[in-house]
Amino acid sequence: MADQIPNIFPAMRFADPDAALEWLSQAFGFTQRAVHRDEEGVVRHAEMSLGAGTIMFGHGDPRSHSVYVAVEDVDAHYARARAAGAETTRELQDTPYGPREYSARDLEGNTWSFGTYRPEQG
């Protein structure tokens with residue numbers, strides 16, 4: 001396999017992401033890797049790791065979850081998904097925090113996000 005760097009990451013939402021940071025560390029042994037807050041101090045993006053795995057989360061409806069997949073050519077990936085009839089829920093866009101991304105639903109309504117972002121490994 002040519003690419004041994006992880007590229008699939010669970011992405012979740014928590015009503016209280018600060019409590020989640022503490023609880024995931026205490027209960028499951030996750031290590032905080034990154035926390036990005038908005039002007040009001042609300043966690044917008046957090047990363048925690050356990051072993052070689054990384055999860056990402058932020059503030060929002062705790063029933064909302066998705067999978068984030070880092071791809072090399074997100075424009076080609078987006079075109080392929082659209083050609084196959086995928087329902088896009090967030091159009092392909094350059095984000096203010098750097099990566100180029102889009103989101104779509106699969107055939108049963110699960111949300112998938114694809115983009116150029118890769119959490120730091122190591």
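The values are calculated or read from the model by the stated rules, or taken from the named source; none is laboratory data. Everything numeric here is computed off the predicted structure, so don't read it as measured data. We place every Cβ from the backbone using ideal geometry, glycine too, and count neighbours over all the protein chains shown. Calculation scope for accessible area: heavy atoms of the full protein, side chains included, ligands and nucleic acids excluded. Shrake-Rupley method; radii C 1.70, N 1.55, O 1.52, S 1.80 Å.
Nearest-5 percent of antiparallel DSSP beta bridges in the stretch 1-118?
For the stretch 1-118, the DSSP antiparallel bridge percentage is about 75.
If I compute solvent accessible area with a 1.4 Å probe over the protein chains, what percent of it on the chain is carbon and sulfur?
After summing per-atom areas, the C and S share lands at 53 percent.
Would you list 92, 107 from the most to the least accessible area, probe 1.4 Å?
Heavy-atom accessible area, descending, gives 107, 92.
Between residue 33 and residue 63, how many nm apart are label points set 7 Å from Cα along the C-beta direction?
2.9 nm
Mind checking the full-extension length gain between residue 73 and residue 116? Use 0.36 nm per residue of separation minus the Cα-Cα distance, one decimal, nm.
14.7 nm
Tally Lys/Arg at +1 and Asp/Glu at -1 over every other residue whose Cβ is under 14 Å from the Cβ of residue 74; what's the total?
Summing Lys/Arg as +1 and Asp/Glu as -1 gives -1.
Would you mind working out the accessible area per residue for the stretch 28-122, using a 1.4 Å probe, and quoting it in Å²?
Heavy-atom accessible area per residue stands at 61 Å².
Relative contact order for the chain: what is it in percent, counting Cα pairs under 8 Å that are at least 6 residues apart? Walk me through the numbers on the way to the answer.
Numbers: 217 pairs, mean separation 28.8, N = 122.
With pairs under 8 Å counted, the relative contact order is 24 percent.
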